[in-house]
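The structure under discussion appears below in the form of structure tokens.
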Amino acid sequence: MKPGIRFVARRLAALVLLLLGITFVTFVLTALVPGDPARAALGPIQGENEEAVRAWNERNGLDKPLPYRYLIYLGNLIQGDLGNSQASNTPVLEELATYIPATVELAVSSILVAGLAGVTLGVFAALHRDRLADQVLRVVSLGGMSMPAFWLALISLYLGFFLIGWFPGGGRLDPALNPPSQVTGLYTVDALLSADWAALGSALAHLALPTLVLAAHTVGYIARYTRTAVLEVIHNDYIRAAYAKGLHARTVVVGYVLRAALPSMLQILGFAFAGVLTGAVLVEKIFTWPGIGGYAYTSAITLDLPSIAGVGLFIAIVYVVVNFVVDVLYGVVDPRIRIA
Amino acid sequence: MNILSRRVLPRSKPLTVIAVTVIAIWLLVALLAPVLAPGDPLSQDGTPFTAPSGAHWFGTDELGRDVLSRVIYGARLSLPLALLLVVLSALIGGTLGALAGFLRGPVDGVLMRICDLLFAFPGIVLAMVVAATLGPGITNAVLALVLISWPWYARIVRGLVVSLGEAEYVTARRLLGASTWRALLDDVLPNIVGPILVLATLDLGGAVLLLSGLSFLGLGAQAPVAEWGSMVSHGTEYFQHWWLGLFPGLAIFTVVLAFNFVGDALRDVFDPHTGRAHG
């Protein structure tokens, strides 16, 4: 087998094992829940009926030993059955599906903003190492990393909406507008596709504050990571040679320094993703953003366990898949990884 | 600590000094809360929603409680719990990591796979699931966060023990007849204390953030306890009364920022790649 293919295959096998492990963790957590699911599901009257409880347990496999129940759980998961939300009694998967596009839109825009700003600031700081600009950026990065996202959301909404009124107060779209015809579920993309400029403007305005709040936390990490990655390559002889033969500074930075720093910068992408998803859980509710973060918050507040477990499972799966993709990309940009 | 005083203090930057001062002030606030607080953090004898004024510097909340007193008493909860969280994680993770690095073989393999698995969840999401499963409450919140934090220590300590175990001076010591445990205690342990201290300091800010995050989600401290995260959570419900959320959030921010600055300075000292050490 070619080393490249073997590299991907090995990562894929690890991914599958990891996914199994994740389902095992969520299974253990949901199986350990105190309380009686049969009585909860049957309601107060049928719940008193011993016969009905026994039948329910038997039908749902709850009378079986734990390993067998895990297999049932896995089987259900494969069929997309994550259980029913205790609050609404609708399937968790269905609820997740309605909330996912909003979070995807928010997460992607935050990572784009944080990535662009973070890499630029990080390179700038590295090039001005130990000078005033570097120190200022250090304070700003650490400031962003230290700020509780939920607090920043509250303050920015108070200032941007309540006090100066530049931004809308929450949600994804002006209530007077109709959502653009659904293609991707991302309002900005759908509005672009259907050339609905009013909806596009409104969607962007609604996206601005939550994006900035989520990016604020991540941009510090990316900037500091980029700074380190750049500092590690910038003293190489070939960089000096590039400068010496008179190449323009921008050519050297983009073509030589960033190219060399790219593999290690890719790794931060996984962290950025985790940061944005974590932030979404804490922030979406404040912006009444109808995403899985707000859903997780509501589920946590009401202790709706199947929903919380569903969100946890979903986010973990997305997260490991993103890391898998990052790993593979890492192998693509850095050939040494494929062989090691 | 010798290495710290020798290498950090002479070239300590004003920012690090400010950060240490801020931490010291917060520790004092936590210690002296009953003396410093103008009132009882739970007493509801103010007028609800009074804006900040001479009588109530930080205003009053929806039940007429003095926000300043609640912020001050909040330090008594957040700081010790963050410390407890970090100490527990470092102890559990450090011990397991040292065992894995020392015993190697299947123990090592299993433990590292468990770590990989826990790394697969974004921190607060797993903590949220665990805390919700255990039931809301500050003790369960700390337990949930220990569960997600210890693998970081385990992985780093394991790496250190493995690399130190192969160091020549350890081999020499073994050849001179020292038992493996002696070597571990005398030669390896002193060399991993420094890095663990740095890691723990770096972690303190994050611990405060995570704890307040869980409380914000309603899974940590329960009413009527004065806790910064849950205070901000109440602030989001009474949006126009900005002082409810602003001040407890500011408390979290200053504490975390100060810890992060100190941790950052320490990391520079211990990491030669990014360090600013001259020479």
Fill in the blank from the handout: A student asked for the Cα radius of gyration and Dmax of the range B:87-145 in angstrom ought to give 13.4, 39
Completion exercise
Counting all Cα-Cα pairs in the range B:160-279, those more than 17 Å apart amount in percent to 69 percent
Practice task
Please list B:W242, B:W152 in order of solvent-accessible area, largest first, computed with a 1.4 Å probe with all protein chains present.
Solution key: B:W152, B:W242
Problem - Alpha-carbon Rg with Dmax, taken over the range A:247-288, Å - result: 16.7, 50
Problem - About the Cα centre, charge dipole magnitude for chain A (Lys/Arg +1, Asp/Glu -1 at Cβ), debye - result: 1720 debye
Fill in the blank from the handout: Over all Cα pairs of the range A:92-339, the Kirkwood radius sets Rh, and Rg/Rh then becomes 1.03
Exercise for the section: State the answer as a single residue: which of B:L134, A:Y158, A:V140 lies farthest towards the positive end of the charge dipole of the protein assembly as shown, with beta carbon charges of +1 for Lys and Arg and -1 for Asp and Glu, about the Cα centre. Expected result: A:V140
Fill in the blank from the handout: Taking only C-alpha positions in the range B:29-161, Rg and Dmax in angstrom work out to 20.9, 66
Exercise for the section: Would you tell me the mean number of C-beta atoms belonging to other protein chains that fall within 10 Å of each C-beta in B:209-219, as a whole number? Expected result: 5
Problem - At q = 0.09, 0.18, 0.21 Å⁻¹, base-10 log of I(q)/I(0) for the range B:86-226 (Debye sum, equal scatterers on each alpha carbon) - result: -0.34, -0.97, -1.17
Exercise for the section: Report, in debye and to the nearest 20, how large the dipole of the range B:134-241 comes out about its Cα centre when Lys and Arg carry +1 and Asp and Glu carry -1 on their Cβ. Expected result: 300 debye
Completion exercise
With the charge dipole of the protein assembly as shown built from beta-carbon charges (+1 for Lys and Arg, -1 for Asp and Glu) about the Cα centre, the Cα from A:L19, A:P91, B:Y169 projecting farthest to the positive end belongs to B:Y169
Fill in the blank from the handout: Env charge @ A:G294, Cβ radius under 15 Å, K,R +1 / D,E -1, value -3
Problem - Listed residue (A:G279, A:L71, A:A203) projecting farthest to the positive dipole end of chain A, Cβ model - result: A:G279
Completion exercise
Relative contact order as a percentage, chain B, C-alpha pairs under 8 Å and 6+ apart, gives 23 percent
Practice task
Can you check what the net charge comes to around B:R76, using other residues whose Cβ is under 14 Å from the Cβ of B:R76 (Lys, Arg +1; Asp, Glu -1)?
Solution key: -1
Completion exercise
The answer for the net charge of residues other than B:T50 whose Cβ lies under 14 angstrom from its Cβ, with Lys and Arg +1 and Asp and Glu -1, is -2
Fill in the blank from the handout: Nearest 10, in degrees from 0 to 90: the angle of helix A:197-234 to the longest Cα principal axis of chain A is 60 degrees
Practice task
May I ask for the percentage of alpha-carbon pairs in chain B that lie more than 34 Å from each other?
Solution key: 31 percent
Practice task
Would you calculate a helix-derived [θ] at 222 nm for the protein assembly as shown, using -39,500 (n - 2.57) for each DSSP H run of n ≥ 4 and dividing by the full residue count, to the nearest 500?
Solution key: -24000 deg cm²/dmol
Problem - Between 0 and 90°, nearest 10: helix A:50-59 axis offset from chain A longest Cα axis - result: 40 degrees
Handout entry: Residue mean of other protein chain beta carbons inside 10 Å, A:228-234
Key = 1
Practice task
Give, rounded to the nearest 20 debye, the magnitude of the charge dipole that the protein assembly as shown has about its Cα centre when Lys and Arg contribute +1 at Cβ and Asp and Glu contribute -1 at Cβ.
Solution key: 2540 debye
Completion exercise
With the 8 Å Cα cutoff and a minimum separation of six or more residues, the range A:143-205 has a relative contact order in percent of 24 percent
Completion exercise
Mean per-residue count of partner chain Cβ within 10 Å for A:291-304 equals 3
Practice task
Provide the packing ranking of B:200-208, A:86-94, i.e. peptides ordered by the mean count of other C-beta atoms within 10 Å per residue, highest first.
Solution key: B:200-208, A:86-94
Completion exercise
Stokes-Einstein D for the protein assembly as shown (20 °C, 1.002 mPa s, Kirkwood Rh from Cα pairs), in µm²/s, comes to 81 µm²/s
Completion exercise
By the mean-Cβ-within-10 Å protection proxy, highest first, A:184-197, A:61-74 rank as A:184-197, A:61-74
Exercise for the section: Using Cα pairs closer than 8 Å and at least 6 residues apart in sequence, work out the relative contact order for the range A:92-339, in percent. Expected result: 28 percent
Handout entry: Most to least packed among A:47-56, A:133-142, A:296-305 [average Cβ atoms within 10 Å]
Key = A:296-305, A:133-142, A:47-56
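The values are calculated or read from the model by the stated rules, or taken from the named source; none is laboratory data. What you see is a predicted model, and the numbers here were worked out from it, not measured in a lab. Cβ sites come from the backbone with ideal geometry, for glycine too, and all protein chains shown count toward neighbours. Surface areas here come from the heavy atoms of the whole protein model, side chains and all, with no ligands, DNA or RNA. Shrake-Rupley method; radii C 1.70, N 1.55, O 1.52, S 1.80 Å.
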